[in-house]
Structure formats: C-alpha cells, structure tokens
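Below is one structure, written out as structure tokens; the observations come after it.
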Amino acid sequence: MDEQARLQELYNLAILDTRPERLFDGLVEITAGTFNVPTVLISLVDKERQWFKASTGFDARESARENSFCNYAIGQNEIFEVPDATLDPRFRENPIVVGDPKIRYYAAAPLVVGGGFAVGTLCLIDYQPREPLGQKERDMLLRLGQQVVELLEARQLREIGRISKLVNDTLNDAIILSDAAGNITYCNPAAEHIFGCSSAHLSGQPLRSLLSEVDHPMIDIEQTNVAAGKERALADQPVEVCARRRCGEEFPAELSMARWNSADVDQKKGFVAVVRDISRRKRLEIERQRSETFLNAVVENLPSMLFVKNAETRVYEMFNRAAEEMTGRRREEVIGYTDRQIFPDRGKAYRRREDRVVKTGKISVFENDFEGADGKMHRIRTKRVLVDGVDRSSFILGITDDITVRHLAKQKIAHLALHDSLTGLRNRAGIARDFEELWNGPVKEPTAVLVIDLDRFKVVNDLYGHPIGDELLSQIAGRIVELLPSRAAAGRMGADEFLVIIPGRNSNHRAARFARALIEAFSDPFSIEGEKIHIGVSIGLSMSNRDGDDFESLCQSADRALSRAKATGRGKFCFFDPLMDAAVTDRRELEKDLRAAMAADQIKIHFQPLASLATGQIESFEALARWNHPERGAVKPETFIAVAEESGLIVELGARILDMAISEAARWDRPLRVAVNLSPAQFQNDNLLSVVSDVLEKYAFDPTRLELEITENFLIRDTRKAMETLNQLQKLGVKIAMDDFGTGYSSLSYLQMFAFDKVKIDRSFIQDMTDNPQSLTIVQAIIGLGKGLNLPVVAEGVETEEQLAALRHEGCSMVQGFGIGRPEPIECFYGLVMNPVPAALIRRQTAA
C-alpha cells in the first residue's frame, strides 16, 4: 500500500478536524441499532492518529494510530473482524484491550474512495466477545461503509463547488463557456466588466465576436483542434490577442482555451475560454521602455562617471561612457567583474568603503586620488548609496566626479591647513583656531580642554603594522566624535594624541561625563580586517579661567593632568591641580641632580641573591642600581630610572651599571653568575654589542657568567632586529633571561623564536599565588613549560615560607626575593662569594 498516496486521498477530502454533521451522526446511530453494539465509529486514519468524524458510545474525538484496530482494517479489501481480542495474538497485549476501554470485539468495513485507497473504516466495537458476523451481516456492514464513502465524496463535491463559485465570482479574468458550435452559453461577472455588456447580451453570441477580425482564423482553428482532440496551442500557454469591447474599443488580451464535458445525463460538450485584459500591463511596458530609453540616454550623456554594483557579489552591472573615458577601460572589461579583479592594488580599499554603505544604509562620500586614462592623477569624489532592486536584490549606485581643479584651488590649502588628513579631525592649528574663536567671542564661556592619549598605541602599531594603525586611528576618531557633547570640537594633536574642547556652562561636569563615556567606549575592541584590537585611553583635563588664560597654557595644564592620570594607572582621567606644577619642577630638579650624581659616581649597585631550590645554594646575583641622594636620602629605583629614561641618560647609566657589576663579579672566588637588567633604550642602541664585549674584555670576565635580562616589550617593537641582537649576544657566550614572563601579549611565541637561557616569573603572580587560584595556575603552567623546554625558571618576589614551600612543591628551579635575601652591598655577601666552598642559603629540598 502506498501510504503517501493514501494520505493524500484523505487530505483531499478536507474533512479532518471538521465539526460534527447530522448525516454522518445519523448513519452511526443506524449502524449501532442494526448490529446491536454499544459503539460505532467513522474512523479516518491519519499519519499518526485516527480521527472520528462521527461516533456513538465513545467520547473521544481521536486516538493514537499505533494501538488502533483500524490500522489493520484499512489494509483489507473486505470486512476485518476480531471476535475476541484477548484470544487474538495481534491484540491481546494491546493497551486498549488490557486497559481502558477494554475492547473485546471489533469489526470494520474499509472506506475505499475513488482512488482505490482506504482512508478509514466504519467500525463496530463491543466490550464483550461476540460470535462472528454472518454473511448477510457482513454484506450489510459493507453497504453501510459504502454509504459513508458516498457521504464523504458528496461532501467533497459540495465544498469544491462552493470554492469554484467563489473563485468564479471574484476572479478578475473573464471565464466564458460555449457550446460545441462556439456560441457563448455562460460568462462570469468579470467577463461582463471586461467586455462592457451583460451576460444576457453575450449569451448566444459567437465566441469569435469577442475578438478583432484579425484573430478570427486563429480561434476557428483552435476550436477545430480542441473539438478533434488535437494538440492545443492555447491550453498550455496563453496567447496575446486583440479583444473587442461592446463599444467597439479594441484592447490587448491573453486568451486560453480548452474543451469541457459535463457529467450530467445530457453529456454536454463545449469550450471554456479564459480572457485576461492586459491593457494596463501593456501601457506600463511601453512607459517602462520609454523610461529606460530616456534613462539610458541620460546615463550615457552624464559628465560624471556612473557605475552600479551588485551589493552582495560587488560585481559591476553598469558602467557609463564617462566611466570608460575616466578609467580608460571599456565596459566589456568591467561589467561582470569586481574591483579586486580590475584594480588589484585598490580593490580592498574600495570594498572596505562599500562595506560601510551596505552595513549602515547611509550615503557615503569619499575623495581619493585616481590615475586617469590620460596617465595623470586626478582628485575624484565618489558618492555611494545603497538602492533596492525590483527583485529584492540590492545595488550600490556610485557617482564619481573629477574635482581636481576645485580641490587644488580651494580644498588643498584650506582644508589641510586646519585638518588632520588621516582622521579628518582638526589638526593642532585647527583646534587652536576653534578655541580662539570661542575665547574671543562676545561672551567668554568656561571651556574645558581634554588631552587624550592612547595607551600602548605604539605597541599595537608595531605589532600589526602601520596600515592597521592608521585604520585604528580613523576608527578612534570616529568613536570620539560620536560621543562629543553639543558644540564640542575634537582634533588630533600628534601620532596617538587627541584633543577635545568643550565650551559652555557646567563644562567641567560635561567634560567629566565625556571622559567617563570615552573610557567606557574604549572597553569594546576595534574590529579591523578580522582583528579584534584592544586599546585604552588616559585623559588629562584643564579648565579655562582656572588652569590657564590661553590655549597653550591650558594644553600644558591638561598634559600635566594626563601625566598624573597615567601615573595612577592607565584608563583613567584626571583634572589639573596646581600642585602638579610643583611635581614638574621637582622632576626637573631630580633630573639635574641625577646628572650630577652620575658625574660624581654616586650611583652604586646592590646585589640580590638567587638560590637553587634543589640545593639551597646561591646560584647567581642580580645587580640593582641604588642612589642615596645627599638631601632626599634613598631615591626609589623606579623613580630615578624613569627620570633617566625620559631624559636620555639611561644608555649611559646602564653602561655604568654593567661595568660596575662585572668589575665586582670578576673579584669573586666563586664563579657565580651576575644578572644585569637592560633598558629598552640600551637594547635598541646600535653600540650594545660593542659595549658588552668591551666590558667583558676589560675585566677578562667569562661571558657565560653574565646574564642579561630583557622584557617582552623589547621584542614587540622590532622583532626581527631584536632577534638578531639576541643571537649576536648569545654568540659572545652571554646568557639571556626573559624577565616578567607571563605579563605580555605573546610570551610563548617568543620562546619558540629564541632559545632563552632562563625565564623569570613576574612577582605579581608569586605574591598572589597562595590566595589566588588563577595566579597559582599561571605559576604552575610556567614551571611546567620550563620543565618541558628544559629551561630554568626563577620565581621573583618570594617573601614568605608559604610561597617558598608552594614553589618547592611545584618543582620551581630557583627563587629570588626578600624571603631569600634583600638587595645589599656586596660586602654583606662576601662570606658566600669569597668562599670557594658553596654554602646553603635556604634549606635543601629534601629537608622540606
């Protein structure tokens, strides 16, 4: 049995889930009385259920098909009977037999419809076993089942007739019936409307009278073919004809014809014709053709270059004559291709600009230089807009104008004099002019000046390259502009510095709100060519009438506030405070004192021991610079080192520290290593190799005893050059250690690129490891990495026995920190460095 075809026959009846009907209900009552059974059902078997059109003695309207008796009955062509279900192996375990409603007897006649499929049953049900039906009873049940089928099919015909009448009365097309001779016997309301006459007037008229004389031969031939049962041209596909209204007006129409036979006793025959008035469509087609002709003429004669691209594929679909002349390319070379195929060097940039148009739906205007067909560079302005096509597709319409003369005459000088070419924001001169216009206006309004500095922009620029850096600056400028308060202005002051002025009442509060909003906005990454780039901002603020009287002084005050914001942690903003002037003065004095201290050899070095956790013995010392100022006392290393870096003294200071460390280590009886930190400026200095080799030669010092410590920042700026420098240092025999491991962007990748001799875990992880599971996990990972690479790992900042025990448990190689030994003059360690016999500084691992 073709179940799919059977279900289709059932669905064609359109009877499932309909309301009860008197004829069906009466039939089941008659059947119940005839066979003296408590329950009779007209059951229609659906895909997963049986639904009851009528029932007696049974309340449910449907039940699951999988447990039904009817599922078996529809597969039979005769009566299906089960005298006692408890004795029938097919049903004795059935849930509706062993449980409610506990069916014992079942008999059914299949309901076979015209297609030859049983769509359901007329079934008898009893809750006691019964004797099998006799032949007369079986015949009676089959006849009653046939009565149900006739009711189903009659109902279907009534429904079809109702729908047909509804369609006939509401259809806009004319439906016309004629007899075998071609005379009209019926027409619908649409025919009366189209031809301008009543059905009574049309009745009896020849069908050909509705057409112009030129189409009479065609319809005569068609009627002959239809009558003879030959191939019909008008049945499968309508043809266009010239129809005629009663008033004599001719109009274009579509005509379809077919033969029809009635099913009544008289067996009437004739033709059915469907006529559609296509006058309006024809007018629209003519108007569209005229419009297209006119539009093509306009497009072709435009002085501007015009192009159209498919918004999805970016393939050119239109390219006018001006475009050919401007680009020197024929439209056959452009249409059907993308920018990347036509302009390989600029296609990517064009795509990026169009992406914004497609994404936002807003008009985009862009100016750029373009090499024309004449070989000269032209300044062009292209306006792009997203337009919708008739088939729901979208297109990018572009109009390009050559604005070379105007641009060179007016825009070049005026615009570039006051604006930043990359971001489109004002440059320093432009923002200064805006400030002066506000300041010199009729009312001097309070004005806030904000200096915005990008945190670690140079690192990002070096890591991703200048094109990405430029795009990042453009997006940053856009993000700043989006958040600007009313009447505020923004400018770009330098490579990674922006400036904003906010005038008006409560400008200090508005400036603070803007600063907070901007810092918050920068928490979201920038997306550039598939890269997610995170960058932060620090902001310094100053207020007119309080922190300065002119633009330059306000900028200086904001710069000082910016320095304070950075000192308190990146991603902050800070208002200028007069005390900051004192801090700047103090910084200058400290720089002057540092120069004097270096000239007087007042910078000394202390040594901090590094011990092996396995043996407890000292393995090496790290040399650390110290400065005891005659008036200030001990100056923190991070303070005077920062001053040395800012003032350019760090290269000379670093060379002196290296010289002092090797000079001292060369005197030791024990060949312990000495570690010296390199500053970024030292590492980038072209004389680094000669400085290191000279000092080694000067003191005849074993190069393998010297260990130079660098951080990951050294490698980010110019990785290739940095690797060359490290390889040359290693060739000298010098050991290289990576300091502050785990705090940078790509520490693991650098371990792969260069064979470091040691890594040092940053103290921040060590200090938190006993309280912070995340820090402990990082420490474990670095130690595990060191073991895997056979690389010694040093834990910095060890201060407590708890930290020492944890590191020993994890298998760390070496430790350094106040818990092992504070930085002291070397004299404090003479007992260790001048004694040839090693002594343990901490307990051995086995003693733990």
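Computed from the coordinates by the stated procedures, all read-outs in this text should not be read as laboratory data. Here the structure is a predicted model, which is why all the values come from computation and not from measurement. Because the Cβ atoms are built from the backbone with ideal geometry, glycine has one as well, and the counts that use them run over all protein chains shown.
Summary of values
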{"read-out": "Simple label model, 7 Å out from Cα along Cβ direction - residue 346 to residue 78, nm", "value": "8.9"}
{"read-out": "Rounded to whole Hz, the Karplus (6.51, -1.76, 1.60) HN-Hα couplings of the range 510-524, x for glycine and proline", "value": "5, 5, 5, 4, 4, 4, 4, 5, 5, 4, 5, 5, 7, 6, 7"}
{"read-out": "Peptide ranges 283-289, 686-692, 733-739 listed from the most packed, as the mean C-beta count within 10 angstrom indicates", "value": "733-739, 686-692, 283-289"}
{"read-out": "The range 416-473-the range 583-634 distance, computed between alpha-carbon centres (Å)", "value": "40"}
{"read-out": "Karplus-derived 3J(HN,Hα), 6.51/-1.76/1.60, for each residue of the range 587-604, Hz, glycine and proline x", "value": "5, 5, 5, 5, 4, 4, 5, 5, 4, 5, 5, 5, 5, 9, 6, 8, 7, 10"}
{"read-out": "Length added when fully stretched, residue 62-residue 317, from 0.36 nm per residue minus Cα-Cα", "value": "85.9 nm"}
{"read-out": "Amide H partners (placed H, <5 Å) of residue 673, local residues excluded", "value": "621"}
{"read-out": "Percent RCO, i.e. relative contact order, over the chain, from Cα pairs under 8 Å lying at least 6 residues apart", "value": "5"}
{"read-out": "Degrees separating the helix 773-788 axis from the principal Cα axis of the chain, which is the longest one", "value": "80"}
{"read-out": "Tensor-based shape of the range 3-165 (alpha-carbon gyration tensor, a/c under 1.5 rounded, otherwise prolate or oblate)", "value": "prolate"}
{"read-out": "Where labels lie 7 Å past Cα in the beta-carbon direction, separation of residue 127 and residue 509 in nm", "value": "8.2"}
{"read-out": "Calculated FRET efficiency for the pair residue 799/residue 482, C-beta based, R₀ 51 Å, to 0.05", "value": "0.60"}
{"read-out": "Charge dipole (the chain, unit charges on Cβ, about Cα centre) - positive-most of 695, 649, 741", "value": "649"}
{"read-out": "Cα→Cβ-extended label distance, 7 Å offset, between residue 409 and residue 49, nm", "value": "8.1"}
{"read-out": "Potential extension, residue 287-residue 645 segment - 0.36 nm per residue separation minus Cα distance", "value": "121.1 nm"}
{"read-out": "Centroid-to-centroid separation of the range 24-103 and the range 501-517 [C-alpha atoms, Å]", "value": "82"}
{"read-out": "Trypsin sites (Lys or Arg not before Pro) restricted to the range 455-517 and DSSP loop, no more than 12 other C-beta within 10 Å", "value": "505"}
{"read-out": "Value at 222 nm in deg cm²/dmol, rounded to 500, when DSSP H runs of n ≥ 4 in the chain each add -39,500 (n - 2.57)", "value": "-12500 deg cm²/dmol"}
{"read-out": "Computed lengthening from residue 523 to residue 295, 0.36 nm per intervening residue step minus Cα-Cα distance", "value": "77.1 nm"}
{"read-out": "Whole-Hz couplings from phi, Karplus 6.51/-1.76/1.60, listed for the range 536-542; x for Gly and Pro", "value": "x, 9, 10, 10, x, 10, 9"}
{"read-out": "Dipole magnitude (debye, nearest 20) for the chain, charges at Cβ of Lys, Arg, Asp, Glu", "value": "1020"}
{"read-out": "FRET efficiency, residue 325 to residue 549 (Cβ-Cβ, R0 60 Å, nearest 0.05)", "value": "0.55"}
{"read-out": "Principal-axis tilt of helix 637-647 within the chain, Cα atoms, nearest 10 degrees", "value": "80"}
{"read-out": "Efficiency of FRET between residue 693 and residue 302 - r from beta-carbon atoms, R0 60 angstrom, step 0.05", "value": "0.25"}
{"read-out": "Straight-distance crosslink candidates among lysines, where the alpha carbon sits under 20 Å from residue 758 and sequence neighbours closer than 8 are dropped", "value": "731, 735, 787"}
